[in-house]
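Throughout, read-outs are computed from the coordinates displayed, never taken from laboratory work. Quick caveat, the model's predicted, so the values are computed rather than measured. Because the Cβ atoms are built from the backbone with ideal geometry, glycine has one as well, and the counts that use them run over all protein chains shown.
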Amino acid sequence: QHLKDFELLIKVLGLAISFLVSVLKIVCLTLHRDQLFDLQMSLEVAFSKDLKDPELRPILLSPLLTYYRPSLAFSLIAYTLCTLYAIVPIIVIILQLIHGASVIKYILPFATSYPWSISPSNKWSFLILYFFEIYMGTCMTTVAASVDALFGYYIFQISGQLRTLSH
């Protein structure tokens with residue numbers, strides 16, 4: 001009995017940490033919005049000026065794939081996982097219907113536990129919780145992918161500036 005509770009605790013703890021990391025990223029971006037805006041403006045001005053110079057352009061753009069590929073890979077993996085989390089409950093329900101189950105067991109995308117049960121007679125509570133969890137998962141995925149890509153972009157611009165300065 002307690003082993004199942006421990007397994008649920010571990011699963012929920014992983015999701016809670018992921019959620020808290022996303023919230024922390026949003027809070028940090030909000031608190032330091034002005035400094036990030038200043039950084040972006042100063043990098044953009046210098047980067048655009050150097051990009052117009054045909055001699056500096058190859059030096060400036062040479063590390064592009066170094067930052068583009070990991071960011072793209074992380075985004076694709078994150079959105080693929082989010083999609084899989086959304087699809088698995090639907091597939092389980094369809095398989096139950098195909099096999100002629102008299103009582104459909106509704107599972108949610110994430111390993112969560114609520115104080116109420118999701119009974120087969122109450123499809124609306126399942127749908128509401130399902131869409132809520134999918135919405136939260138999509139928000140967490142979007143925040144994680146976009147913030148990591150943003151900082152990768154800043155690093156790309158800074159390293160490009162350092163390369164042009166050393167040229």
Practice item. Anything in the chain that counts as a DSSP H helix reaching 27 Å or more along its axis (C-alpha) with Kyte-Doolittle mean of at least 1.0? List them, would you? Key: 2-31, 64-98
**Study point:** Listed residue (T66, L39, C139) projecting farthest to the positive dipole end of the chain, Cβ model
**Key:** C139
Review point. Which whole-number percent gives the relative contact order of region 24-140, counting Cα pairs below 8 Å spaced six or more residues apart?
Key: 17 percent
Exercise for review: Would you compute, from DSSP H runs of 4+ residues alone, the mean residue ellipticity of the chain at 222 nm, taking -39500 (n - 2.57) per run and dividing by the full residue count, rounded to the nearest 500?
Suggested key: -28500 deg cm²/dmol
Review point. Between R69 and I87, what length comes free when the chain is fully extended (0.36 nm per residue of separation minus the Cα-Cα distance, one decimal in nm)?
Key: 3.8 nm
Check your understanding: Within straight cross-link reach of K11, meaning Cα distance under 16 Å, which aspartates and glutamates are found once same-chain residues fewer than 8 apart are removed?
Key -> E133
Check your understanding: Size of the dipole of the chain about the Cα centre, Lys and Arg at +1 and Asp and Glu at -1 on the beta carbon, nothing else charged, in debye to 20?
Key -> 340 debye
Check your understanding: Once the mean 1/r over all distinct Cα pairs of region 46-108 is inverted, what Kirkwood radius in angstroms do you read off?
Key -> 15.9 Å
Review point. Taking 0.36 nm per intervening residue step and subtracting the Cα-Cα distance, what contour gain separates W116 from Q35 on full extension?
Key: 24.6 nm
Point to revise | Percent of alpha-carbon pairs separated by more than 29 Å within the chain | key: 43 percent
Practice item. Name all residues of region 22-36 having a backbone nitrogen under 14 Å from the label point set 7 Å from the Cα of Y154 along its Cα→Cβ direction, giving them as ranges. Key: 25-36
Review point. Which net charge results for the neighbourhood of F47, defined as the other residues with beta-carbon distances under 13 angstrom from its beta-carbon, given Lys and Arg at +1 and Asp and Glu at -1?
Key: +1
Revision key, fill the gap. F19 neighbourhood, Cβ < 15 Å, K/R = +1, D/E = -1, net charge +1
